[in-house]
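This report concerns only the one structure given below.
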Amino acid sequence: MALRAAVQRINGPICSWLLSSHRRLLGTSATAGPEVASAFERAITPDVAQHLNDHGYAVVDGVFGRDVARQLRAEVVQLYERGLMHKNCTHLVKDNATSLVEKSHIHESELTLDSGIQSAAPLCARLNSDRTLATLLSLFLPQLTLDSQAIKLQYNAGGGGCFPMHLDSDEQLDGRRVTAIFYLNPGWTEAHGGQLRLYPFPQPPLDVAPLEDRLVLFASTRMLHRVMPSTAPNRCCFTIWLSQRRRRAFVRHTPSLASLEPASLPSEDPAAAARFLMHPSVRQHVCKLVYASEWAKSLEESHGDSEARSAMLEQHHREVSIIQRSLGKYLPVVEQMARGEIRPEMEWL
């Protein structure tokens with residue numbers, strides 16, 4: 001909070017010096033051109049960072065302006081029309097083997113990993129080489145040390161194309177901390193669908209419209225989310241995953257479940273039980289239980305009818321049953337949280 005208050009009082013030249021110094025500390029740079037860096041400097045304020053920290057998400061409109069947003073959109077559409085995108089797939093792990101299950105109507109390109117895509121989409125590539133977004137969030141939120149990023153471009157061809165409920169990553173797997181999605185959809189209406197639905201449990205779900213020139217930030221490993229079915233013929237966006245490679249050993253340290261459980265019974269101390277249920281390693285399973293029906297529906301909507309989809313649904317229902325049995329004594333508290341009667345604080349980042 002002290003840093004936030006201080007930054008709000010400083011003038012432009014001092015802020016630029018702070019950004020430059022912080023980039024040197026992170027080993028990053030802003031090489032994509034002053035217009036990209038200045039756009040992020042205007043958009044990512046201390047208040048935006050604080051909202052991300054306190055609520056797990058933040059929404060910013062008018063980041064680049066209509067002209068740049070439409071140039072970015074044109075590049076994404078052109079990649080799709082030239083056949084330079086591939087189908088997005090869900091990874092299904094069963095019997096120690098991983099299979100890929102295509103999502104209906106969702107196409108994507110890996111900008112960061114593919115020099116050919118960078119050549120075909122030069123304006124998007126300039127965003128890829130800029131590190132201002134990571135630098136600003138690391139500056140305003142000292143618990144973050146965002147020192148790498150990856151960008152994926154996405155084209156949703158409509159016809160109900162959507163994503164199932166998921167977390168972008170697991171803290172035990174990689175260093176992703178913040179997801180940034182930039183939307184490129186002029187003329188969007190509610191009838192088009194395709195909203196980003198966030199689940200900041202125990203707060204109620206909320207839908208974010210994929211409006212042109214809108215940036216949405218959220219916690220990669222702790223914000224459950226999905227994309228609702230889209231009927232628009234060409235819903236476009238790109239996703240920036242911001243990661244921290246440094247201090248990853250600390251990120252991966254997770255206490256045992258037994259050490260987290262309160263000594264008292266849930267009926268004796270519901271608040272202590274709720275704090276236990278909100279620990280990130282427990283909360284992800286609580287969310288799967290609370291939203292079990294909607295989760296199953298999202299799997300059905302995102303994938304065509306197939307044996308693989310049936311296997312995913314079977315696995316989902318099996319996991320829900322295991323969670324229900326394992327958290328049996330906590331179920332009354334889970335229900336209270338779902339009704340909004342108990343709302344413990346959540347540490348998002």
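The values are calculated or read from the model by the stated rules, or taken from the named source; none is laboratory data. All values derive from a computational prediction rather than experimental measurement. Note that each Cβ is placed from the backbone with ideal geometry, even for glycine, and that neighbours are counted across all protein chains shown. Heavy atoms of the whole protein, side chains included, go into the accessibility calculation; ligands, DNA and RNA do not. Shrake-Rupley method; radii C 1.70, N 1.55, O 1.52, S 1.80 Å.
So here's what we get for this one:
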{"item": "Filtered residues of segment 241-263 (kept if open to solvent by 10 Å² or more (accessible area, probe 1.4 Å) and either modelled with pLDDT of 95 or more or in contact with a Cys (Cβ under 6 Å, 6 or more places away or on another chain) (or both))", "result": "W241, S243"}
{"item": "Members of segment 292-328 that are in a loop (DSSP other than H, G, I, E, B), more than 23 Å from the chain's Cα centre (by Cα) and of a type outside the set (D, E, K, R)", "result": "G304, S306, L327"}
{"item": "Selection count, segment 184-208, where residues are open to solvent by less than 20 Å² (accessible area, probe 1.4 Å) and either more than 14 Å from the chain's Cα centre (by Cα) or over 18 Å from H51 (Cβ atoms) (or both)", "result": "6"}
{"item": "Pairs where the first residue, in segment 150-169, is touching a residue at least 12 places away in the same chain (Cβ under 8 Å) and closer than 19 Å to H91 by Cα and the second is among the charged types (D, E, K, R) and not in a strand (DSSP E or B), C-beta under 6 Å, 6+ apart", "result": "C162/E301"}
{"item": "Residue check for L79: at pLDDT 90 or above, open to solvent by less than 50 Å² (accessible area, probe 1.4 Å) and touching a strand residue (DSSP E or B) at 6+ places or on another chain (Cβ under 7 Å)", "result": "yes"}
{"item": "Qualifying residue in segment 280-294 (condition: over 19 Å from F201 (Cβ atoms), open to solvent by less than 70 Å² (accessible area, probe 1.4 Å) and in contact with a helix residue (DSSP H, G or I) (Cβ under 7 Å, 6 or more places away or on another chain))", "result": "no"}
{"item": "Extreme residue, surrounded by the most Cβ atoms within 10 Å (Cβ to Cβ), among residues of segment 264-279 that are part of a helix (DSSP H, G or I) and touching a residue at least 40 places away in the same chain (Cβ under 8 Å)", "result": "A273"}
{"item": "Leading residue by the ranking (most open to solvent (accessible area, probe 1.4 Å)) among those in segment 329-349 that are more than 26 Å from the chain's Cα centre (by Cα) and in contact (Cβ under 8 Å) with a residue 24 or more places away in the chain", "result": "K329"}
{"item": "Flag if G160 is over 15 Å from C237 (Cα atoms) and either surrounded by fewer than 22 Cβ atoms within 10 Å (Cβ to Cβ) or of a type in the set (A, V, I, L, M) (or both)", "result": "yes"}
{"item": "Enumeration of residues in segment 329-349 that are under 24 Å from A258 (Cα atoms) and not in a helix (DSSP H, G or I)", "result": "I342, R343, P344, E345, M346, E347, W348, L349"}
{"item": "Hits in segment 311-320 - residues which are without any contact (Cβ under 8 Å) to a residue 60 or more places away in the chain and open to solvent by less than 50 Å² (accessible area, probe 1.4 Å)", "result": "L313, H316, V320"}
{"item": "Strands (runs of 3 or more DSSP E) contained in segment 195-240 and holding at least 2 residues out of contact with any Ser or Thr (no Cβ under 6 Å at 6 or more places or on another chain), closer than 22 Å to E301 by Cβ and touching a residue at least 60 places away in the same chain (Cβ under 8 Å)", "result": "196-199, 224-230"}
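Residues checked against (1) surrounded by fewer than 18 Cβ atoms within 10 Å (Cβ to Cβ); (2) over 26 Å from G193 (Cβ atoms); (3) out of contact with any Cys (no Cβ under 7 Å at 6 or more places or on another chain):
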| position | (1), (2), (3) |
| --- | --- |
| H91 | yes, no, yes |
| A97 | yes, yes, yes |
| V101 | no, no, no |
| H105 | no, no, yes |
| A150 | yes, yes, yes |
| Y155 | no, no, no |
| M165 | no, no, yes |
| D170 | yes, yes, yes |
| L173 | yes, yes, yes |
